[in-house]
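**Q** This is the structure, below, for whatever I ask next.
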Amino acid sequence: MKIYLIRHSESIDDIEDCYGGIADFDLSENGIKKVEQYEIENLGIEKIYTSPYKRAYQTAKILNKKINVDLEIIDNIRECNSYGILSGVNKEKAKNIFSYVFNMEEYKNTGYYLGTSFLGGEDINKFDKRVEEGIREIISKSKELNTIAIVTHGGVYRSIYKNIFKVNKKIEEMEDLATTELTYDDGKFEIINKKGILFGETI
């Protein structure tokens, strides 16, 4: 089976410089245009799976206008709640609003590869576990299919690369609509091509 792993397009939190995560922002106008320009027509995709969050679901729906296949929401591939109480808040304002918390030792440095979330956030180990469960669910539902697409988020992408693909480098940056083309056969994933991903240091 061939799989196209696609990150969602630009959302409003990107242009308003807000913390995303669990905050459920719509795609921006520019984000919509980017999806409309994405060439999905000739990839042979038979089904699209998507996160329930608006920025991913809207990306999947716009893509699906071009190919008109089954579209299914998979809750476990929703974004990590890594920002906790910061979710949806402008980053500059957050520095003032939550200055006390930012100065607490345990929250001075948080992030996926550090294995910690901000106050009120999701446990990273539990997040990784649910992402793996989500991917297993998708594989199970796709046994009779040749090609599928998965539309999800940056945090989920990092979790998949680290824990499922066993890539030992950090993903430092991801473009909107970053895409990984891969195959799955008898429990094994093989990356064929990737676009829009910048790797950094070894994990």
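Read-outs throughout are calculated quantities, based only on the coordinates presented, and are distinct from any laboratory measurement. Because the structure is a prediction, the values reported are computed rather than measured. A quick note on method: Cβ atoms are made from the backbone with ideal geometry, for glycine too, and the neighbour counts reach across all protein chains shown.
**Q** Sequence gap at least 6, Cα distance under 8 Å: using those rules, report the relative contact order of the range 2-202 to the nearest whole percent. Intermediate values should be presented prior to the final figure.
**A** Numbers: 382 pairs, mean separation 57.8, N = 201.
Here the relative contact order equals 29 percent.
**Q** Once phi is turned into ³J(HN,Hα) by the Karplus curve 6.51 cos²θ - 1.76 cosθ + 1.60 with θ = phi - 60°, what whole-Hz value does each residue of the range 69-80 show in order, with x for glycine and proline?
**A** Here the 3J(HN,Hα) series is 10, 4, 10, 10, 7, 10, 4, 6, 9, 6, 5, 5 Hz.
**Q** For the range 2-202, with only Lys/Arg (+1) and Asp/Glu (-1) charged at the beta-carbon, what is the dipole magnitude about the Cα centre, in debye rounded to 20?
**A** Rounded to the nearest 20 debye, it is 240 debye.
**Q** With +1 on each Lys and Arg Cβ and -1 on each Asp and Glu Cβ, and nothing else charged, work out how big the dipole of the range 1-106 is about its Cα centre, in Debye to the nearest 20.
**A** 220
**Q** While we're looking at this one, here's another question. What ranking of ASP186, ASP26 emerges when the number of other C-beta atoms within 10 Å of each C-beta is taken as an exposure proxy, fewest first? Numbers along the way, then the final one.
**A** Numbers: ASP186 4, ASP26 15.
Neighbour counts put them in this order, fewest first: ASP186, ASP26.
**Q** Can you list the HN-Hα couplings for the range 19-29, worked out from phi with the Karplus curve (6.51, -1.76, 1.60; θ = phi - 60°), rounded to whole Hz and with x for Gly and Pro?
**A** Once θ is set to phi - 60°, the couplings for the range 19-29 become 6, x, x, 6, 5, 9, 8, 6, 5, 7, 4 Hz.
**Q** Given R₀ = 41 Å, FRET efficiency for LEU43-SER99 by Cβ-Cβ distance, to 0.05? Let's see the in-between values first.
**A** Values: r = 47 Å, r/R0 = 1.16.
According to the calculation, E is roughly 0.30.
**Q** While we're looking at this one, here's another question. If you line up the long axis of helix 124-141 against the longest principal axis of the chain, both from Cα atoms, how many degrees apart are they, to the nearest 10?
**A** 10
**Q** Still on this structure, please answer the following. Along the charge dipole of the chain, pointing to its positive end and built from +1/-1 on Cβ of Lys, Arg, Asp and Glu, which listed residue (TYR100, LEU43, PHE189) has its Cα farthest out?
**A** Projecting each Cα onto the dipole axis, the largest value belongs to PHE189.
**Q** Among ARG136, ARG55, ARG130, which comes first, second and so on when ranked by fewest other beta-carbon atoms within 10 Å?
**A** Values: ARG136 12, ARG55 28, ARG130 17.
Ascending Cβ contact count within 10 Å gives the list ARG136, ARG130, ARG55.
**Q** Another question, then. Quick one: what are the phi-derived ³J(HN,Hα) couplings along the range 171-188, Karplus 6.51/-1.76/1.60 with θ = phi - 60°, whole Hz, x for glycine and proline?
**A** Calculated HN-Hα couplings, in order: 7, 7, 9, 9, 7, 4, 6, 3, 10, 10, 9, 8, 10, 10, 8, 6, x, 10 Hz.
**Q** Mind checking Rg over Rh on the range 2-202, alpha carbons, Kirkwood formula for Rh?
**A** Details: Rg = 16.8 Å, Rh = 17.4 Å.
Rounded to two decimals, Rg over Rh is 0.97.
**Q** In nm, give the distance between the simple-model label positions of LYS108 and THR202, each being 7 Å from the Cα along the Cα-to-Cβ direction.
**A** 2.8
**Q** So if R0 is 25 Å, what FRET efficiency would TYR184 and ASP123 give, r being the distance between their Cβ atoms, rounded to the nearest 0.05? Could the numbers behind the result be given before it?
**A** Numbers: r = 28 Å, r/R0 = 1.10.
For R0 = 25 Å, the calculated efficiency reads 0.35.
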